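The values are calculated or read from the model by the stated rules, or taken from the named source; none is laboratory data. As the structure is a prediction and not an experimental result, all values here were calculated from the model. Positions of Cβ are backbone-derived with ideal geometry, glycine not excepted, and every protein chain shown enters the neighbour counts.
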Amino acid sequence: MKGLLLETIRCEDGKLQNLEWHQERAGRSCRALFGAGEAITLQDVTIPPEAATGLFKCRILYDTRIRRIEFIPYLIRPVRKLRLMSAEEVEYPYKFANRAKLQELFSRRGTADDILMVKNGLVMDTSYANVALFDGSGWYTPARPLLAGTRRAALIAGGRLAPADIPPARLQEFQEIRLINAMMDLEEGPRLHSEDIIQIT
């Protein structure tokens, strides 16, 4: 048993957002891990009455079929400090519900609000989000993230983000750093600067 996979989908005023990208990832994961010819169908998810208004996180746990669906009210949590953390041993190419290794790294964040992982000399993700970095003229995102998120995929496809290899030493070149994920668009995620990142000691 490879464990349950997870899709976290933004549900705003009763509508699931960015669904085509979630469906693409779910289908790709099912085929790679389970050899499933037909992936789960996220379009069939029913929105409960309590999620018809406001912002909710739709959590879908699945393997070859959907096992559980939850709708949870969502607020973006503030992140003011990130600690650079070596993540050489961490592999997370598929969005498994089991995040034990990520949680273990997160537990070592110290006084920071979250971690910013570094692997093979390059910046990757925080514990729960991809990152977007602004250099004064354009937005960039690590070309080799730990997990390629659906929001990141949509922003790259739309020409708003460009993948780039970013070593930690280059972080000071960027004027602004944003966290992005399925629940947070580029304009919504926590905003940080290079001085808000605690270096690896």
Check your understanding: So how many residues does segment 150-163 have that are surrounded by fewer than 17 Cβ atoms within 10 Å (Cβ to Cβ) and not β-branched (V, I, T)?
Key -> 6
Review point. Of all residues in segment 132-147 being hydrophobic (A, V, I, L, M, F, W, C) and in contact (Cβ under 8 Å) with a residue 24 or more places away in the chain, which is farthest from S194 (Cα to Cα)?
Key: L147
Review point. Residues of segment 37-55 being among the hydrophobic types (A, V, I, L, M, F, W, C), over 18 Å from W21 (Cα atoms) and in contact with a strand residue (DSSP E or B) (Cβ under 8 Å, 6 or more places away or on another chain), which ones?
Key: I47, A51, L55
Point to revise | Exclusive hit being among the basic types (K, R), modelled with pLDDT of 95 or more, surrounded by fewer than 16 Cβ atoms within 10 Å (Cβ to Cβ) and within 16 Å of N181 (Cα to Cα), set R59, R68 | key: R59
Exercise for review: Please indicate, with yes or no, whether at least one residue in segment 149-169 is within 25 Å of L75 (Cα to Cα), in contact (Cβ under 8 Å) with a residue 24 or more places away in the chain and assigned to a strand (DSSP E or B).
Suggested key: no
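Yes or no, residue by residue, for (1) β-branched (V, I, T); (2) within 23 Å of L186 (Cβ to Cβ); (3) assigned by TED's automatic domain parsing to the domain that holds M184:
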position: D13; (1), (2), (3): no, yes, no
position: N18; (1), (2), (3): no, yes, no
position: R25; (1), (2), (3): no, yes, no
position: T46; (1), (2), (3): yes, no, no
position: E50; (1), (2), (3): no, no, no
position: F56; (1), (2), (3): no, yes, no
position: T64; (1), (2), (3): yes, no, no
Exercise for review: Would you mind stating whether G189 is part of a loop (DSSP other than H, G, I, E, B), touching a residue at least 12 places away in the same chain (Cβ under 8 Å), surrounded by fewer than 20 Cβ atoms within 10 Å (Cβ to Cβ) and not charged (D, E, K, R)?
Suggested key: no
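Conditions (1) of a type in the set (S, T, N, Q); (2) surrounded by fewer than 18 Cβ atoms within 10 Å (Cβ to Cβ); (3) under 15 Å from the mean Cα position of the chain (by Cα), marked per residue:
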residue	(1), (2), (3)
Q103	yes, yes, yes
V118	no, no, no
L147	no, no, yes
Q172	yes, yes, no
N181	yes, no, yes
